[in-house]
1. For the range 45-59, which residues satisfy the criterion of being on the phi < 0 side of the Ramachandran plot and modelled with pLDDT under 95?
2. Looking at the range 9-28, which of the residues that are assigned to a helix (DSSP H, G or I) and among the β-branched types (V, I, T) is least open to solvent (accessible area, probe 1.4 Å)?
3. Looking at the range 29-57, which of its residues are in a loop (DSSP other than H, G, I, E, B) and loosely packed, with under 14 Cβ neighbours inside 10 Å?
4. Just to be sure I understand the filter: pairs with C-beta atoms under 8 Å, separated by 6 or more residues or on different chains, first member in the range 64-84 and touching a residue at least 24 places away in the same chain (Cβ under 8 Å), second member open to solvent by 60 Å² or more (accessible area, probe 1.4 Å) and not in a loop (DSSP other than H, G, I, E, B). Which pairs pass?
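The values are calculated or read from the model by the stated rules, or taken from the named source; none is laboratory data. Predicted model only: the values in this text are computed from it and were never measured. Quick reminder, even Gly has a Cβ in these numbers, built from the backbone with ideal geometry, and neighbours come from all protein chains shown. Accessible surface is based on the protein model in full, side chains and every heavy atom, while ligands, DNA and RNA are left aside. Shrake-Rupley method; radii C 1.70, N 1.55, O 1.52, S 1.80 Å.
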Amino acid sequence: ANIHRAQCRLYVGSLHYDLSENDIRAVFSSFGPVKAIDMSKEPERPGKSKGFCFIEFYTPEATEAALVTMNNFTLAGRTIKVGRPHNVSAENPLGSMTA
């Protein structure tokens, strides 16, 4: 299940600080149902994010479509970065050379 979960997670960075989880969900759900959004918030600034989040889809296909389409997409005036989370190799030894 871990490998499947890793294939369904994306890192999204360079987000505008005013964007909410609902904003992100609205944009990314066009690729498929969003299972979860994990957005880091600024403790001293309520309602403001740290500018990045993780998104989990239900299917690898939706994840891949979002990755390809949304990387370098302009959202709220900022060019966002979308990629695989860095911990994927740890969860998925098949993808690393040191299995």
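1. Selection gives R45, P46, K48, S49, K50.
2. I24
3. Within the range 29-57, the first condition is being in a loop (DSSP other than H, G, I, E, B), and the residues that meet it are 32-33, 42-48.
Those that are in a loop (DSSP other than H, G, I, E, B) and loosely packed, with under 14 Cβ neighbours inside 10 Å: P33, E42, P43, E44, R45, P46, G47.
4. Note: pairs meeting the criteria are A76/D23; I80/T74; K81/Y11; V82/Y11; G83/Y11; R84/Y11.
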